[in-house]
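Where a number appears in this text, it was derived from the coordinates with a stated rule and is not lab data. None of the values given here were measured: they were computed from a predicted structure. A quick note on method: Cβ atoms are made from the backbone with ideal geometry, for glycine too, and the neighbour counts reach across all protein chains shown.
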Amino acid sequence: MIAEVKNTATPEQLAQFVKWIEDRGYKTNVSGGDEVTIVGIIGDTTKIDPFLLESMDIIERVQRITEPFKKANRKFHPEDSVVDCGHGVLIGGGNFQVMAGPCSVEGDNLTQIARAVKAAGATILRGGAFKPRTSPYTSQGMGEAGLDLLMEAGAELDMPVVTEVMDPRDVQLFLDKGVDIMQIGARNAQNFPLLREVGKTTTPVLLKRGMSETIDEFLMAAEYVMSEGNENVILCERGIRTFETRTRNTFDVNAIPVLHHLTHLPVIGDPSHATGYTRYVRPAAYAATAAGADGLQIEVHNNPSEAWSDGAQALTPDMFADAMRRIALIREAVCADIEEA
Ligand code: PEP
Ligand code: MN
C-alpha cells in the first residue's frame, strides 16, 4: 500500500504519520520527490482501512499495490533511482554508463583491454573471476587472483569494477577485496540465498535476468535483494531462451521500456550474451540504447580467438570504439528535446 502525502505536510507531520503506521507493526519506506512524497507501507496491509488514512489531513491519496514487488515498484518510488557505483560513476535517472571488458579475467591482457575500453568511453570495467560455465571441464576462471587483477586495473584507471559472485560464501571475499558492483549472473538469477546474501550488503548489485525468467519473476528477484536492505540494484536484460537457434539468446528489447514503466531501478542491456556472435553485438547495443537503457554491458577482448570464454561474442577494442561513437549519437537522438511542430 502507498500513501501519497500532500506537499503542504511539514516534516513533523510526516514523521508522526510514519510513527503511527510503524506502531501498528508495519515497515515503511519514505520516498521524497520533487512532486510528491510517497510513504510505502509494507506488511499485511489488508487490515488497514484506506479510508481512515485518506481522512487524515496530510494524506492526498491511498492506493493498494497489486503487484507482488513492492520496493522495486515505481508506484512506491516514482522517481528513477540513481545508483552510485563508486569512483564518481552514477547510473540511472539520465546517467548512462557502459561496462566493458573481457568475459573472463585471464592475466596481464586485462590492463591492455581496460585501457582501451576506458579510452573509448567505458566508465565501468567488467571481468569474470569466478565463471559459471555450462561444463565443469572448461575454464572456471582465475578465482581470487582474478579479483586482485581486476581491482588493480580498476585502481590504475580509476574505474569501478563489476564481477560475478556465484556463491553466498564468497560474498565476504568480494567485500574484502572492495569490488564495486557484484554481478548476479543469469544462471543464479533465482538463487534466493545468494540474492539475500548480497542484499545484506550496501554494495551495488548488477542483477541479470534469468534465461527463462518473466519480467515479474525478474522483479521479484530484485525484491529479494531489496527486502534485505540493499536498494542499490541495477537490472540487466541479457537475452532469454526461445525457440530461435540462430542466436545464443533472444534479446528482449521490449523488457527495457517495460521495466522502466514498472520499476524505478536502472536498467541496462547486455547485447553480448543476448546475441552470442560478434557480428550482432553492435546492432543489439544500438537497439538497447535507442530503447532507453541506462547503460550497456559489452564484452571486449584484445584477441577474441584466444579468449578463455565467450570469444565468439567479443568485440575487439577497435569495434568497441566504433560502437561507442555511434551509441553517443543514438543517445543524443533519444535524449533530445524536440519541439512539437
Ligand atoms: C557474463 O557476464 O560473463 C555472464 C556469464 O553473463 P550471463 O550470466 O548473463 O550469462
Ligand atoms: Mn561472458
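When the helices in the chain are scored as -39500 (n - 2.57) per DSSP H run of 4 or longer and the sum is shared across all residues, what 222 nm value do you end up with, to the nearest 500 deg cm²/dmol?
Details: 11 runs with 116 residues, N = 341.
It lands at -10000 deg cm²/dmol.
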Exercise. Over 32 Å between Cα atoms, which of LYS19/LYS177; LYS75/LYS200; LYS6/LYS47 qualify?
Worked result: LYS19/LYS177
Seminar exercise, completed: Helix 317-335: inclination vs the chain longest Cα principal axis, degrees, rounded to 10, gives 30
Exercise. In debye to the nearest 20, how big a dipole does the stretch 300-341 give about its Cα centre with +1 on each Lys and Arg Cβ and -1 on each Asp and Glu Cβ?
Worked result: 180
Seminar exercise, completed: Contact order relative to length for the chain, counting C-alpha pairs under 8 Å separated by 6 or more residues, stands in percent at 15
For this session: Enumerate the residues in the stretch 34-49 having an amide nitrogen under 12 Å from the point lying 7 Å beyond the Cα of GLU79 toward its Cβ.
Result: 34-38
For this session: Pop out the Kirkwood hydrodynamic radius of the stretch 233-302 from its pairwise C-alpha distances, inverse of mean 1/r, in Å to one decimal.
Result: 12.0
Exercise. Taking amide hydrogens as modeled 1.01 Å from N in the peptide plane, which residues meet the under 5 Å criterion relative to THR163, leaving out close sequence neighbours?
Worked result: ILE181, GLN183
For this session: Choose one of TRP20, VAL30, MET56: the residue whose Cα lies farthest towards the positive end of the charge dipole of the stretch 2-63 (beta-carbon charges +1 Lys, Arg; -1 Asp, Glu; about the Cα centre).
Result: TRP20
Exercise. From the backbone phi of the stretch 198-203, what are the Karplus-calculated ³J(HN,Hα) couplings (6.51 cos²θ - 1.76 cosθ + 1.60, θ = phi - 60°) in whole Hz, Gly and Pro given as x?
Worked result: 5, x, 7, 9, 10, 6
Problem set entry | Helix 144-157 axis, angle to the chain major axis (alpha carbon atoms, nearest 10°) | 80
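About the Cα centre of the stretch 265-341, how large is the charge dipole given +1 on each Lys and Arg Cβ and -1 on each Asp and Glu Cβ? Please answer in debye to the nearest 20. Walk me through the intermediate numbers first.
Details: 5 positive and 11 negative charges, 48 e Å.
So the dipole magnitude of the stretch 265-341 works out to roughly 240 debye.
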For this session: From zero up to wherever the largest Cα-Cα distance of the chain sits, split into 20 Å bins and tell me the percent of pairs in each.
Result: 31, 53, 16, 0
Exercise. R0 = 25 Å: FRET efficiency of GLN172 with ARG133, Cβ-based, nearest 0.05?
Worked result: 0.60
For this session: Please determine, in degrees from 0 to 90 and to the nearest 10, the orientation of helix 109-120 with respect to the longest principal axis defined by the Cα atoms of the chain, where the helix direction is its Cα long axis.
Result: 60
For this session: At most 16 other Cβ atoms within 10 Å plus a DSSP loop assignment makes a site exposed; report the longest stretch of the chain without any exposed trypsin sites (Lys or Arg not before Pro).
Result: 247-341
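How big is the dipole moment of the chain about its Cα centre under a simple scheme where the beta carbon of each Lys and Arg is +1, that of each Asp and Glu is -1, and everything else is neutral? Debye, nearest 20, please. If you can, show how the numbers build up before the last one.
Working: 32 positive and 48 negative charges, 175 e Å.
That gives a dipole near 840 debye.
How much of the DSSP bridge set in the chain is antiparallel, in percent, rounded to the nearest 5?
Working: 19 of 44 bridges.
Rounded to the nearest five, the antiparallel share is 45 percent.
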Problem set entry | Amide hydrogen neighbours beyond the local backbone of GLY295, cut-off 5 Å, H modeled | GLN97, GLY269
